[in-house]
Structure formats: C-alpha cells, structure tokens
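For reference, the structure discussed in these notes is given below.
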Amino acid sequence: MTELLTLAKYPFLNDSKGYVKENSPSVEELLKDPLYERARVIGVERLDNAFKYRDVGNRSLSTESDCIRELFSYPIARMIAVCVDDTYFKRRYALGEAVHAYKNLIKEPAFFLLKISKEFNLGIQHFKDTNRLSVHFTDYLRYAPTRYKEWKMINRGVHKGYISISQKDLARLIQEALRSRINNELDSRKCNNIIYKIFSSDIKRFQNRVMMHRKKMEAAPIGKLSIDKLPPCMKEILVAIQSGENVPHMGRFALVSFLNSIKLNVNDILKLFSSAPDYEEEKTRYQVEHISGSTSSTSYTPPGCDKMRTYGICPVDKVDDLCKKAHHPLSYYKAKWKKDMKKEGK
C-alpha cells in the first residue's frame, strides 16, 4: 500500500506509468466501464481544480482503491486537456499538476527528491556528510524561477559550476521541470476522438470558460497601449508570460521596462500580467514597481536589440522589415505608430 500511495501521489513517475500500463484495463473499458466512473470524474475534477485554484486538488488516498482511481485519473485528465486544444488551458493544467506535486515533495526526505531529480536528468550533487545539495548551473538557469529575488544567481553560492540549493529549492526545481515536461507532452499529442465523444460536454465547458476569461481580459482597458504595435520581441515575451511559460528574469525585465517607457502605469502593466496562469499579484507588483522606479531610485530603460539578442530573447525568426531597421524596441514602437498613422492618413 505504501508503494501504491507513492505512485498515486506522483503519477508522472516512470514507476507510476509502468503500473498503469501493466494494470490498467483497455482504453475502452477505462472510458466506458461503470467500474471506472469515479476515475473519470476525478480526471475532470483535476482539470477543474487546476483552472480555478492552480492545484489539481487533494483527495482521500486511504485505501488501495482510492490510489488506483487517482492513478487512472491522471492520464484521463491529460487526454481531456489535449482535446480542449487551448494553450492557456493546457498551461494552467500543467501548472496545477506541478504545484500539487511540489506541495507533496516538500514533505519528502532528500533521498526521495534525489531519486525523482534523476528522472528529469537534473545534475544534482549531494554531500552526505553535510546533507548539502547543489545543482549544475545549466539546470538552475533552465528551471529556477529567477524572476524572484531569492532565486537570482547573484544571491547564490557557486562552486565549480554548481549552485547551492536547499531541499525545498530542489522540490521547486522539480516543479518547474515537471511543468515543462507536461507542457511539451500535451503540445505534442493529438485529441483522441473517443475522448472527445465521451467528454464532449466537459470539453465544451472548459473551452467556454477559457473564452470567457479571454473576453474579460480583452475588455479591460490597458492604458494607451496598442498591442499590435509592439515589436516582435515584446509580443513574444508577453505571449509567453500570459501562457504561463517560465520566462527568464531578463525577459520580464525587458517587457516591464519597455511598458514603463511608453508610459503605462503600474496597474496597467499588472493587468497584462494578470492573465498568466501563474499570476501572483503581490510578487509581480513588487517587481514591476522596482523596475519602473516606483519603489526604487532608478527607473530602468529597456535593453536594445543587441542586448536582446545576446540574452536570447530576440525572436530572430519572427522579425519583420521594420524590425530589421530598428536598433531598439522603443524605436520600433515609435516607427510603427508613425507608419500606421500615415497609412490612416492622419
């Protein structure tokens, strides 16, 4: 029972997948047999909770049957998410699974976290004599939420390419690695017609909720910002943030400083960020106010095109003719305004 409980709590593990593959009924039985009705209900529940609360939710796992239903609900939820066929919804669901896993992982011993980190190919060093942990800087940069002050590399100890982390930090890195994996897996799969037919009412309900969410966000005025005039780099960063991607600090810095430079106030900038699946107002407000100079002595200017390319946040494959002539995102925005006004005869 202990082993089955672990598999149910972490259905993304290779052992969990192996158990489902070995013990699950046929797809048709899983989707139609009354015996698995509760697993199907839980699958939908995972998606509902993820969309509402950014967590797929807790359920009783006190019996073997509870654990088996929980295990089977995971692939069902994933298949339904694919059929909803909406990037925002899929990102929100992936975040819900990852956050739920993190809440369990912070209660686990170090050896368990080390075992899981291997499944994500994380380069972790564990010094048993001091119980100290460190992660290779490439994995740190890939998964650390460096938009937060405590995660910036300048606040971390680095030795021979490895960065010191706590046990809780490792759980957070696994959360990001899991979220990234689920995102990629959902994006690479196509909707199963049987799934769509059986869960059509739930799928349409989720699609309507996402549509209503978008309409609500679009209806909210965002100062004088004209999104269609944003340079490709800023559009790319904004879309990534609103889709729930783990955008690096420099990307967020570039966007906020750009928006501040075109005279958007703090609340207007927060509105753009608020549609993100992982939006946290308090932390986002702190970052925006700091970059815009509201709570610091400096109002930062956005980096130029050369720096954007250096940091890998220039979408070089999506630049247009106007972008090729510009040397700074702000000059693109101004040129776009002039060009469009000329076209409109103003």
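Of all the listed residues (111, 89, 72), the sole one being aromatic (Phe, Trp, Tyr) and surrounded by fewer than 17 Cβ atoms within 10 Å (Cβ to Cβ) is 111. Of the residues making up region 126-166, those that are in contact with an Asp or Glu (Cβ under 9 Å, 6 or more places away or on another chain) and in contact (Cβ under 8 Å) with a residue 60 or more places away in the chain are 143, 145. When every residue of region 105-125 is checked against the conditions, at least one turns out to be in a helix (DSSP H, G or I), closer than 22 Å to residue 15 by Cβ and of a type in the set (Phe, Trp, Tyr). Out of 140, 93, 102, 196, one residue alone is in contact with a strand residue (DSSP E or B) (Cβ under 9 Å, 6 or more places away or on another chain) and in a helix (DSSP H, G or I). It is 140.
Scanning region 80-109 for residues being under 10 Å from residue 171 (Cβ atoms) and in contact (Cβ under 8 Å) with a residue 24 or more places away in the chain gives a total of 7.
Please verify whether region 93-113 includes one or more residues that are in the same structural domain as residue 12 (by TED's automatic domain parsing), at positive phi and under 19 Å from the mean Cα position of the chain (by Cα). Scanning region 93-113 turns up no residue that is in the same structural domain as residue 12 (by TED's automatic domain parsing), at positive phi and under 19 Å from the mean Cα position of the chain (by Cα).
Checked against the criteria, residue 168 counts as part of a helix (DSSP H, G or I), within 30 Å of residue 75 (Cβ to Cβ) and not assigned by TED's automatic domain parsing to the domain that holds residue 93.
The values are calculated or read from the model by the stated rules, or taken from the named source; none is laboratory data. Given the structure is predicted, the values throughout are model-derived calculations rather than measurements. Positions of Cβ are backbone-derived with ideal geometry, glycine not excepted, and every protein chain shown enters the neighbour counts.
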